[in-house]
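The structure under discussion appears below in the form of structure tokens.
The values are calculated or read from the model by the stated rules, or taken from the named source; none is laboratory data. Everything quoted here is computed from the prediction, not taken from an experiment. All Cβ positions, glycine included, derive from the backbone under ideal geometry; neighbour counts span all protein chains shown.
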């Protein structure tokens, strides 16, 4: 098993993720993640080292809840996203921050902007994504994604009803 | 005297209650709400746990005013207007922190955390008696008081005392404060968001037991699909008028509550811990109160705009209109000051499942409120909202609309106060 990570390969994964989300292929999106994955969006006034176990986040999903989030979002009764919004995930400034050789994991950051358009409004979600990426049977998978928004709050968005 | 426009129409013979949709869209209603409601009520500022230590402070915007809540070096709490008495600059520009002094960066005036002017550059150029009357200290908000840890302010110096204002809501604040003998505190992290809708739509929505089955169908699906997410406790209860525009629904529900309704998802270890919490509540408060604290859910509105929902977790939420069709919302999680790591983790897990702008329910509420606001574009053609459900019943159910009628009756009373004088001009 390779302990090597290169940025091209990681960027391909992140660009694929962005595409799947923009295409609303959410079940396929889940397949990019490990079985023990988690997905976080901290509140915007928290320090960088805040943990979801003792601080209030916007989103702190384990794998089970990521699956339920996808199931819910694919329903017509997920009213906030039905009719579906249009989204555009832009991923840039991808950097490998650290290689954790013990866990065969790469710590990766990226600058991101996601636009959500619905009902005549376009709202930008601006921030950095932090990933822990590993290799499962030779295939890159995401073990953790944390979206740190560079906003003073979810204004005017009012919601993170899409996956960032 | 001109006829006043009617915003609330009550017909007790036919048991109908209607609210004019113009109340959600007209800019003069928005202006008058600041003058007649937000300037005349007790408003939530923060929780005392947010400024635990001497020198702790948080800054807030309350009804368009910038406020600093501080705990001074004597341990007293202060609500100060965050503007330099000298020339007006914002004195404290951080959202929270700990400091003995606040220095205005414009000309360098220094204030203590009790607001008293301590020093200013070029002091020798001022009269020796300068500020003997305290007029160059940071100004205090006209009224400030605390009930059960909840800090309130009022911009009306003549307002009735806070306990009297809170009326029947005091009992419910006491119940929340009694979740733990360690006291309750705000968890780090606030959910700050906005909704493109009139603020009164969120008042209604926060205490609306009627919308859950349809608006939150996908959340209820999720609970049912999650192995062990639910008990067989029925969703049932009543709503109550608490006086002075405050209202509550109190009901049982099948979801888990960290204090202290166990569901299988919490696991066997959790069951033991929650039984311990429950037993202690019985020791402290007796079986009846312990049962209410542990097993009943409460959606509480304190007029005009404080919502404390003690449901699958405890959330405190307040919101102000920036314009008729746009509100700014701040939400926090409240939790026992001392609880196990396990309990805190499950509490927050439970919170995020339903509550807040990333949860499985709140985004759909936001969508519903925004769709109402959009619908009100037709307000001249379809003028009235109907909130008659349960009217005339002796004991309205949690999913009736009594609590909204309580709010709107009080809203109308405040909005009409002094209106005869205005209209006769």
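Quick look at the numbers
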{"quantity": "Hits in the range B:98-109 (condition: in a strand (DSSP E or B) and surrounded by 15 or more Cβ atoms within 10 Å (Cβ to Cβ))", "calculated": "B:102, B:103"}
{"quantity": "Qualifying position, being without any contact (Cβ under 8 Å) to a residue 40 or more places away in the chain, within 14 Å of chain A (Cβ to nearest Cβ) and within 29 Å of residue B:326 (Cα to Cα), among B:220, B:202", "calculated": "B:220"}
{"quantity": "Residue selected from the range A:130-164 under the condition touching a helix residue (DSSP H, G or I) at 6+ places or on another chain (Cβ under 8 Å) and farther than 14 Å from residue A:43 by Cα, by the criterion nearest to the other protein chains (Cβ to nearest Cβ)", "calculated": "A:161"}
{"quantity": "Tally, over the range A:28-74, of residues that are part of a helix (DSSP H, G or I), more than 22 Å from residue A:118 (Cα to Cα) and out of contact with any helix residue (DSSP H, G or I) (no Cβ under 6 Å at 6 or more places or on another chain)", "calculated": "5"}
{"quantity": "For residue B:9: the one exception among (1) assigned to a strand (DSSP E or B); (2) surrounded by 15 or more Cβ atoms within 10 Å (Cβ to Cβ)", "calculated": "(2)"}
{"quantity": "Some residue of the range B:16-37 being assigned to a loop (DSSP other than H, G, I, E, B), out of contact with any helix residue (DSSP H, G or I) (no Cβ under 7 Å at 6 or more places or on another chain) and exposed (fewer than 15 other Cβ atoms within 10 Å of the Cβ)", "calculated": "no"}
{"quantity": "Any hit, the range B:135-155, residues being in contact (Cβ under 8 Å) with a residue 40 or more places away in the chain and out of contact with any strand residue (DSSP E or B) (no Cβ under 9 Å at 6 or more places or on another chain)", "calculated": "yes"}
{"quantity": "Residue check, residue B:80 out of contact with any helix residue (DSSP H, G or I) (no Cβ under 6 Å at 6 or more places or on another chain) and more than 26 Å from residue B:331 (Cβ to Cβ)", "calculated": "no"}
{"quantity": "So residue A:22, is it over 25 Å from residue A:122 (Cβ atoms) and more than 8 Å from chain B (Cβ to nearest Cβ)", "calculated": "no"}
{"quantity": "Pairs, first within 7 Å of chain B (Cβ to nearest Cβ) in the range A:54-70, second assigned to a helix (DSSP H, G or I), C-beta under 6 Å, six or more apart", "calculated": "A:54/B:344; A:60/B:352; A:68/B:222"}
{"quantity": "Filter result for residue B:406 (more than 11 Å from chain A (Cβ to nearest Cβ), touching a residue at least 24 places away in the same chain (Cβ under 8 Å) and surrounded by fewer than 18 Cβ atoms within 10 Å (Cβ to Cβ))", "calculated": "no"}
{"quantity": "The range B:318-367, residues that are within 16 Å of residue A:80 (Cα to Cα), more than 9 Å from chain A (Cβ to nearest Cβ) and in contact with a strand residue (DSSP E or B) (Cβ under 7 Å, 6 or more places away or on another chain)", "calculated": "B:355"}
{"quantity": "Residue satisfying all of: in the range B:372-399; under 23 Å from the mean Cα position of the chain (by Cα) and at pLDDT 95 or above; surrounded by the most Cβ atoms within 10 Å (Cβ to Cβ) among these", "calculated": "B:387"}
